[in-house]
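Worksheet: the structure to be examined is printed underneath.
The values are calculated or read from the model by the stated rules, or taken from the named source; none is laboratory data. All values reported here derive from a predicted model rather than from experimental measurement. For neighbour counting, all protein chains shown are included, and Cβ atoms are generated from backbone atoms with ideal geometry for every residue, glycine included. For accessibility, only protein heavy atoms count, side chains too; no ligands or nucleic acids. Shrake-Rupley method; radii C 1.70, N 1.55, O 1.52, S 1.80 Å.
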Amino acid sequence: MEILVCIKRVPDTSENEIALNSAGNDIERDDLVYSVNEWDNYAVEEAIQIVDRVGGSVTVVTVGDDESEEVLRREMAMGANKGLLLADDAFAETDGRGIATILKAAVAKGTYDLILTGALADDGAGQVGGMLAAMLDYPFASVVNKIETVNDKTLKIGREIEGGNQEISEISLPCVLSIQTGINEPRYVGIRGIRKVASVEIPTLAAGDLGLDAAALAPKVKRLDYFVPALGKGAEMLEGSTEEIIAKLLEMLKAKGGLK
Amino acid sequence: MAQIFAYIVHKNGVADDTALELLTAAKKIDPAASVTAIVTGEGSALDAVAGQVAKAYNEVWKFSAPVFAYPNAEAVRPLLVKVLPAGAILLVAHDTFGMDLAPGLSIKLNAALVTDVVGIEGLDGSTLKLVRQEFGGQVSTHVAADVSTGAVLTPRAGSFTAAEAAASGPVVDKSAEAGDLVVKRRFIEVVAAEVGDVDITKEDVLVSIGRGIEEQDNIEIAQDLAKAMGAVVSCSRPIVDAKWLEKSRQVGTSGQTVKPKVYLACGISGSFQHLGGLKGNPFIVAINKNAKAPIFQVADVGIVANILEFMPALTEAIEEGK
Ligand SMILES: Cc1cc2nc3c(=O)[nH]c(=O)nc-3n(C[C@H](O)[C@H](O)[C@H](O)COP(=O)(O)OP(=O)(O)OC[C@H]3O[C@@H](n4cnc5c(N)ncnc54)[C@H](O)[C@@H]3O)c2cc1C
Ligand SMILES: Nc1ncnc2c1ncn2[C@@H]1O[C@H](COP(=O)(O)O)[C@@H](O)[C@H]1O
């Protein structure tokens, strides 16, 4: 099975406190630690496991810039066979639809039976996978937490729906699936693994190579600003020494029935 | 002015709570809008939902067919492409069905897509201004959507107050318009979530841990605190993904819905999917090393601290006081 996995380089929110820049038009990007989007890492692991079972190869692709090469290499160190970087200044101002348009153009240059995305990225949109599927006229399923191959035309999949219940379906190939965390346990990537793929050539395609012009990438949705909303009621913050905080907290917990 | 539609999710013959929230969202786009609800399904359950929704919406379009017996977005999407008028604005709740339906629908309709909408500021010409969040709720953004060719919007549950059931519209059976639909994803069954050794939904006091616990070995710190408090340990999703605790201990939209009296959120950022599982207005204490963590917006009491130090200190103080 030929599998394409779409990955994105994002600020790691568990490592960073996200703050606004002084102009309020972006987050403060200096000093941010970046990594591969959490959901995408599960998608790559799943693709590798499928190929281990049934054969084929895994290609990881990202729409980004030169710095995005590092996440492609990281996922290749995990076991993805090929990397593909889609980079062009013309890609910078586009929206989710534009990202899907770029990915679609890259899909057209290969033959893939299965395309995986993450369920969600840093923008919280969860849109690129479903858009890409519609552009390709492929069936789609979101928040997938189980994939079994039935035959070379069909997969049996599970979607994680509300309450942790699992919705089981059959889906025809080729298809696009957005992957939910927890579907597997992504393997660890050591520094040695990264070194091994450090000099592998990663082809880069620009707008022209993909036959895309500005009109095709014109956004319908534009981000106007970033802001931190006025707090709702906001928490009463306990301050002082640890002993003082604990004393106050114990009083509150007792009053609210939090200690038995 | 574009026509506004709301696709209503329902289960066991009852419309989802979001049904009336979508109506509020629609009125924020256009206060004068006549809003049409769309319901798909089969049999008496569908009729019940249609009747219920008609008490609030100006009109209800009902589509009954065996393929709609289970809500399969791969069947509903081609239906909507067929029946929605050009330039329509469609609202659907941002849940796992909306995530399945909306992105592809926006492409097929050539419409703008804005997902997980938490605020609607209004329409100016063909520009709709909306509010969403990024980075797990750490920052918000205003976005401008060009809705001149229509829009698909997925409002977040709980972000819009439920509308009063003020209108009373007819239910129009449009099943005949569905025609043949090509569906390449066939629903088989729903497998219920596993039941665990404890039932966190019945506990009054929960010590809940998130990614801030950092390592599997540190889970013990939470167990010690819970023991001292007479509480039970629950958690956020990453702890279950890492297989450090079982799924039945996960609080959130894809986990359990809990209704404790007291909820200690330790090293949990406060994503809406996590908070979606917290009901009944508990007393929330948040302990987080990041003073800007979104959890502090919903907590009653906040403590900026390293949980790996604070939790053992709290445990010790409780033990001493006994
Ligand atoms: C469809 C879908 C369904 C989902 N369902 C759920 C669900 O049911 N439940 C759920 O929880 N999530 C769910 N999620 C995931 C959700 O979006 C978040 O990713 C998740 O809730 C984040 O968990 P967290 O707060 O533990 O981790 P993070 O967001 O990484 O936050 C960790 C926090 O710990 C703090 N911290 C770190 N170290 C320390 C320390 N030593 N001391 C104190 N604080 C520290 C950090 O400042 C940070 O605020 C779902 C996502 C999707 C897409
Ligand atoms: N710039 C990008 N390059 C490649 N894939 C992307 C990009 N942005 C988003 N994706 C894919 O789409 C998924 C969902 O992202 P989003 O729709 O932005 O929430 C991600 O998990 C990725 O798999």
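Output the residues belonging to region B:254-268 that are buried (at least 24 other Cβ atoms within 10 Å of the Cβ) and either within 16 Å of ligand 2 (Cβ to nearest atom) or farther than 20 Å from A:LEU253 by Cβ (or both). B:SER254, B:GLY255, listed by residue number.
Can you report the number of residues in region B:88-145 which are more than 7 Å from chain A (Cβ to nearest Cβ), more than 13 Å from ligand 2 (Cβ to nearest atom) and not basic (Lys, Arg)? Qualifying residue count for the region: 28. Within region A:34-42, the presence of at least one residue that is within 10 Å of chain B (Cβ to nearest Cβ), within 18 Å of A:THR62 (Cβ to Cβ) and surrounded by 23 or more Cβ atoms within 10 Å (Cβ to Cβ) is confirmed. I'd like to know if region A:135-158 contains one or more residues that are within 15 Å of ligand 2 (Cβ to nearest atom), more than 27 Å from A:ARG53 (Cα to Cα) and open to solvent by 10 Å² or more (accessible area, probe 1.4 Å). Yes, that holds for at least one residue. Note on region B:172-203: residues that are within 10 Å of chain A (Cβ to nearest Cβ), over 24 Å from the mean Cα position of the chain (by Cα) and not in a strand (DSSP E or B) total 3.
For every residue, the table says whether it meets (1) closer than 30 Å to A:LEU72 by Cα; (2) open to solvent by 30 Å² or more (accessible area, probe 1.4 Å); (3) assigned to a loop (DSSP other than H, G, I, E, B).
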{"residue": "A:GLY193", "(1), (2), (3)": "yes, no, no"}
{"residue": "A:GLU201", "(1), (2), (3)": "yes, yes, yes"}
{"residue": "A:GLY240", "(1), (2), (3)": "no, yes, yes"}
{"residue": "A:ILE246", "(1), (2), (3)": "no, no, no"}
{"residue": "A:LEU253", "(1), (2), (3)": "no, no, no"}
{"residue": "A:LEU259", "(1), (2), (3)": "no, yes, yes"}
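Return a yes/no flag: does region A:124-132 have any residue that is among the β-branched types (Val, Ile, Thr), at the interface with chain B (Cβ under 10 Å from one of its Cβ atoms), open to solvent by less than 10 Å² (accessible area, probe 1.4 Å) and in contact with a strand residue (DSSP E or B) (Cβ under 9 Å, 6 or more places away or on another chain). For region A:124-132, residues among the β-branched types (Val, Ile, Thr), at the interface with chain B (Cβ under 10 Å from one of its Cβ atoms), open to solvent by less than 10 Å² (accessible area, probe 1.4 Å) and in contact with a strand residue (DSSP E or B) (Cβ under 9 Å, 6 or more places away or on another chain): absent. Being away from ligand 1 (no atom under 16 Å from the Cβ) and not charged (D, E, K, R) is the filter here, so list the residues in region A:107-135 that pass it. If the condition is that a residue be away from ligand 1 (no atom under 16 Å from the Cβ) and not charged (D, E, K, R), then A:VAL107, A:ALA108, A:GLY110, A:THR111, A:TYR112, A:LEU114, A:ILE115, A:MET131, A:LEU132, A:ALA133, A:ALA134, A:MET135 are the ones that fit.
B:LYS259 falls short on exactly one of the conditions (1) facing chain A (nearest Cβ under 8 Å); (2) away from ligand 1 (no atom under 12 Å from the Cβ), and that condition is (1).
Residues of region B:308-317 that are hydrophobic (A, V, I, L, M, F, W, C) and either closer than 19 Å to B:ILE209 by Cα or exposed (fewer than 12 other Cβ atoms within 10 Å of the Cβ) (or both): B:LEU308, B:PHE310, B:MET311, B:ALA313, B:LEU314.
Restricted to region A:1-23, and to residues that are small (Gly, Ala, Ser) and facing chain B (nearest Cβ under 10 Å), which residue is most open to solvent (accessible area, probe 1.4 Å)? The qualifying residue most open to solvent (accessible area, probe 1.4 Å) is A:SER14. Checked against (1) on the phi < 0 side of the Ramachandran plot; (2) away from every other protein chain (no Cβ under 13 Å), A:GLY211 passes all but condition (1). Looking at region B:141-160 only, could you name the residues that are of a type in the set (Val, Ile, Thr) and in contact with a helix residue (DSSP H, G or I) (Cβ under 6 Å, 6 or more places away or on another chain)? Result: B:VAL152, B:THR154. B:VAL195 passes every criterion in (1) at pLDDT 95 or above; (2) among the β-branched types (Val, Ile, Thr); (3) within 30 Å of A:GLU170 (Cβ to Cβ) apart from (1). Of all residues in region B:269-283, those satisfying the criterion of being open to solvent by less than 50 Å² (accessible area, probe 1.4 Å) and either within 6 Å of ligand 1 (Cβ to nearest atom) or of a type in the set (A, V, I, L, M) (or both) are B:SER271, B:HIS274, B:LEU275, B:GLY277, B:LEU278.
Considering A:LEU224, A:LEU250, which residue is within 11 Å of another protein chain (Cβ to nearest Cβ), in contact with a strand residue (DSSP E or B) (Cβ under 8 Å, 6 or more places away or on another chain) and not β-branched (Val, Ile, Thr)? Just one listed residue meets the conditions, A:LEU224.
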